[in-house]
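Encoded as structure tokens, the structure appears first; notes follow it.
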Amino acid sequence: MSDPILTAAEAEEIVLLKELENNPTFLRLRTVRQIIALLGGSQSPKDGEEPKAPVRFPPAVRARLSKREDVEDAVSRHLRETGRRASSGELFTVVQKAGIVIGGAIPSKALASTLSTSDRFNNIRELGGYGLEEWGSGAGPSVEMKDVADDKSTTSSQVTGEPDRSPFETKDQSTGSW
């Protein structure tokens, strides 16, 4: 024969858990605990808690995590191909063309939030927007190479009036020609 107090407490626990399933804060807490468990965080149970087996992410959470990876991969691929930084508006078009649907009241802001919180990108508005973190504070490899190729600085030959020449050519001293 079971204890009626224990039976009542177990029934109340079931009712409370069902109520908590509708509480967004509780659902977030459970998701955070799952993330911590999956990433090997604090394995020891809290005071008064029994150790629990890791729980799989619910399908909705798994879909959100994989969508983030898809977005980051598409943006990273575009930045590598172009070799320059891009605005969130340009990247929003890239993500749409990749077939990734961004939700939210203002999808472009949702994308900007995703990119801003990623450790793969940084945003320097003065240089054109989002770039790969490995570029540091630079504008991107193709922009930096273009700057070198398009350098319009004054050369020594423009100052002296002598013709441009290869550094391997020498002036023939007897004839005065190159």
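The values are calculated or read from the model by the stated rules, or taken from the named source; none is laboratory data. Keep in mind the model is a prediction, meaning the values are calculated, not measured. All Cβ positions, even for glycine, are placed from backbone atoms using ideal geometry, and neighbour counts span all protein chains on display.
In table form, for the structure just shown:
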| read-out | value |
| --- | --- |
| Close pairs (8 angstrom Cβ cut-off, 6 or more residues apart or separate chains): at pLDDT 80 or above in region 24-36, among the basic types (Lys, Arg) and exposed (fewer than 13 other Cβ atoms within 10 Å of the Cβ) anywhere | GLN34/ARG56 |
| Region 77-86: number of residues that are out of contact with any Ser or Thr (no Cβ under 8 Å at 6 or more places or on another chain) and surrounded by 15 or more Cβ atoms within 10 Å (Cβ to Cβ) | 4 |
| From SER157, SER108, SER137, residue being among the polar types (S, T, N, Q) and modelled with pLDDT under 55 | SER157 |
